[in-house]
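Scroll down for the structure; my scribbles are underneath it.
The values are calculated or read from the model by the stated rules, or taken from the named source; none is laboratory data. Please read all numbers here as calculations on a predicted model, not as lab measurements. Cβ: placed from backbone, ideal geometry, glycine included. Neighbour counts: every protein chain shown.
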Amino acid sequence: MNNNFIVTMTNRGMITIPSKIRKKLGYKDGKEFMVIEEDGIVKIIPLYDIREEQDWNLDTSEIKKKIKEEHESEIDVENREFNVALKERSNK
């Protein structure tokens, strides 16, 4: 299944996670995420990753570092897939 989607941000800064992804991952109304901007790329991390795997005594920079370490390879793959989807879309 292709997990690449183009979404549009509203004038209030909101985006919608496509229903296929929400259903696959079990995201319900009220689900919380951490949003991180890094080198011009926005990353959206479900908070359960932090709550289940991280010590809440860590400061924000330490949490960001842990998240980056744990998700770096996943993010690289997603970025490559996104760039391919974007290139395919621009070729149409």
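Quick one: which residue in VAL35, VAL77, VAL42, VAL84 is at negative phi, in a helix (DSSP H, G or I), of a type outside the set (Gly, Ala, Ser) and modelled with pLDDT of 70 or more?
VAL84
Which one is modelled with the lowest pLDDT, of the residues in the range 49-74 that are aliphatic (A, V, I, L, M) and surrounded by 15 or more Cβ atoms within 10 Å (Cβ to Cβ)?
Checking each candidate, the answer is ILE50.
Please give the number of the condition LYS20 fails out of (1) basic (Lys, Arg); (2) at pLDDT below 90; (3) assigned to a helix (DSSP H, G or I).
(2)
Assuming ILE6 fulfils every condition listed in (1) free of Cβ contacts under 8 Å to residues at least 40 places away in the same chain; (2) out of contact with any strand residue (DSSP E or B) (no Cβ under 7 Å at 6 or more places or on another chain); (3) not basic (Lys, Arg) apart from one, which condition is it?
Unmet for ILE6, out of (1) free of Cβ contacts under 8 Å to residues at least 40 places away in the same chain; (2) out of contact with any strand residue (DSSP E or B) (no Cβ under 7 Å at 6 or more places or on another chain); (3) not basic (Lys, Arg): (1).
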